[in-house]
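The values are calculated or read from the model by the stated rules, or taken from the named source; none is laboratory data. Values in this document were obtained by computation on a predicted structure and should not be read as measured data. Please note: Cβ atoms are built from the backbone with ideal geometry, for glycine as well, and neighbour counts cover all protein chains shown. Please note that ligands, DNA and RNA were not included when accessible areas were found on the heavy atoms of the full protein model with its side chains. Shrake-Rupley method; radii C 1.70, N 1.55, O 1.52, S 1.80 Å.
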Amino acid sequence: MPENIILTAGGTSEPIDRIRSITNTSTGMLGSLIARELSKSDKVGRIFYIHGKKAVMPDCEKVTPVPVESVENLLDAVNKLCSSYKIDAVIHCMAVSDFRVRSVVSAEMLDKKAAGGAFNPKEFFDSENLLNKYNKLPSSSGEPVILLEKTPKVLPIFRQLLPDAVIVGFKLLDGVSHEELIDTAYRLLEKNGCDYVLANDYRTVEAGKHEGFLIDGDKKELHFCGKQEIARGIAAAVAGGKANE
């Protein structure tokens with residue numbers, strides 16, 4: 001019985017400097033609908049809603065908002081919640097940034113360095129990083145060239161911290177066959193120890209008829225059409241009911 005649930009929604013935002021950032025288009029709408037569906041169940045106690053700043057907020061008494069910005073903020077929030085509460089389930093539908101800013105140089109600086117012959121790009125970017133000089137990159141510094149680095153994967157951390165929790169992951173692809181979509185989602189499930197993965201194709205999201213396929217450990221799939229149906233199916237599965245009811 002899931003008394004305490006972590007639900008992530010919306011998108012993260014990675015700073016370039018203190019003013020600018022890199023983000024994504026996730027609205028958190030699906031996450032908010034899942035929270036509303038979960039809140040209807042007597043089996044659900046508290047929903048810790050970890051969300052990006054621009055995410056849609058569910059109006060539910062059971063929801064405790066936990067705002068975050070970057071992946072680092074997200075990980076801090078996850079670790080704090082998992083160490084403070086017994087978490088029974090996780091629904092991780094947040095669009096997490098795959099990359100964050102490592103360092104920034106100007107195009108002019110890079111051209112001059114390249115003209116001098118072979119060099120180590122990472123060492124150059126780190127040694128000449130304009131972010132070491134400026135909190136806000138001035139326009140006078142020229143055209144910025146940004147070196148990105150990968151962010152930590154959040155999904156596997158949930159299983160490490162919560163070996164007994166029900167965990168739902170999400171996989172979004174764009175323009176692939178149904179077979180590839182399901183196979184990719186199932187690989188994600190196996191790799192990260194998920195109980196379910198919601199597979200969806202961005203083509204259907206863009207077309208306004210969001211389709212989702214909830215995959216379990218036996219690779220069985222349940223098809224849902226529309227965000228409301230997807231939310232209802234995931235909430236039913238996590239709350240211990242039948243996802244197709």
Taking only Cα atoms of the range 1-64, radius of gyration then Dmax in Å
13.6, 45
Contour minus Cα-Cα span, ASN132 to LEU173, at 0.36 nm per residue, comes to 11.1 nm
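Return an integer: the convex hull volume of the alpha-carbon atoms of the range 11-156, in Å³ per residue. Display every interim value, and only then the final one.
On the way: hull volume 19.0 nm³, N = 146.
Considering the Cα atoms of the range 11-156, their hull volume per residue is 130 Å³.
Count the lysine pairs in the range 33-99 that are 8 or more places apart or on different chains: how many have C-alpha atoms under 16 angstrom apart?
On the way: LYS40/LYS62; LYS43/LYS62; LYS43/LYS86; LYS62/LYS86.
Taking the range 33-99 as the scope, the lysine pair count is 4.
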Using a Gaussian network model of the chain whose springs link C-alpha atoms within less than 10 Å, name the residue from LEU130, LEU214, LEU33 with the highest mean-square fluctuation.
LEU130
Gain in length, ILE22 to PHE99, computed as 0.36 nm per residue apart minus the alpha-carbon separation, to one decimal in nm?
26.8 nm
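I'd like the carbon and sulfur percentage of the solvent accessible area for the chain, probe radius 1.4 Å, heavy atoms only, ligands and nucleic acids excluded.
Numbers: 6370 of 13060 Å².
The computed percentage sits at 49.
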On each of the three principal axes the extent of the alpha-carbon atoms of the range 116-161, given in whole Å and largest first, is 46, 30, 16
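Taking the mean number of other Cβ atoms within 10 Å as a proxy for protection, how do you rank 18-26, 232-240 from highest to lowest?
Values: 18-26: 13.7, 232-240: 22.3.
Ranked from most to least packed, the peptides come out as 232-240, 18-26.
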Read-out Rg/Rh (Cα atoms, Kirkwood Rh), derived from the coordinates shown; its label in [x] 1.05; [y] 0.95; [z] 0.99
[x]
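Determine the order of MET94, MET109, MET29 by accessible area, beginning with the largest, at a probe radius of 1.4 Å.
Numbers: MET94 15, MET109 50, MET29 70 Å².
From most accessible down to least: MET29, MET109, MET94.
Counting DSSP beta bridges in the range 112-245, what percent are antiparallel, to the nearest 5?
60 percent
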With eigenvalues of the C-alpha gyration tensor scaled by 5 and rooted, the range 142-245, Å:
26, 20, 13
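I need the fraction of alpha carbon pairs in the range 48-102 separated by more than 13 Å, rounded to a whole percent. Before the final figure, lay out the partial values.
Values: 962 of 1485 pairs.
For the range 48-102, the share of Cα pairs beyond 13 Å comes to 65 percent.
Note down the relative contact order for the range 45-174 as a percent, whole number, built from C-alpha pairs under 8 angstrom at least six residues apart. Walk me through the numbers on the way to the answer.
Details: 134 pairs, mean separation 38.9, N = 130.
Taking the mean separation of contacting Cα pairs over the length of the range 45-174, I get 30 percent.
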With both bridge residues required to lie in the chain, what share of the DSSP beta bridges run antiparallel, to the nearest 5%?
40 percent
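If eta is 1.002 mPa s and T is 20 °C, what Stokes-Einstein diffusion coefficient results for the range 74-200, Kirkwood Rh from Cα pairs, in µm²/s? Each step should come with its number before you reach the end.
On the way: Rh = 18.0 Å.
Stokes-Einstein gives a translational diffusion coefficient of 119 µm²/s.
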Among LYS113/LYS136; LYS136/LYS191; LYS122/LYS209; LYS113/LYS191, which pairs are too far apart, with a Cα-Cα distance over 32 Å?
LYS136/LYS191; LYS122/LYS209; LYS113/LYS191
The answer for the chain, accessible area per residue at 1.4 Å probe in Å², is 53 Å²
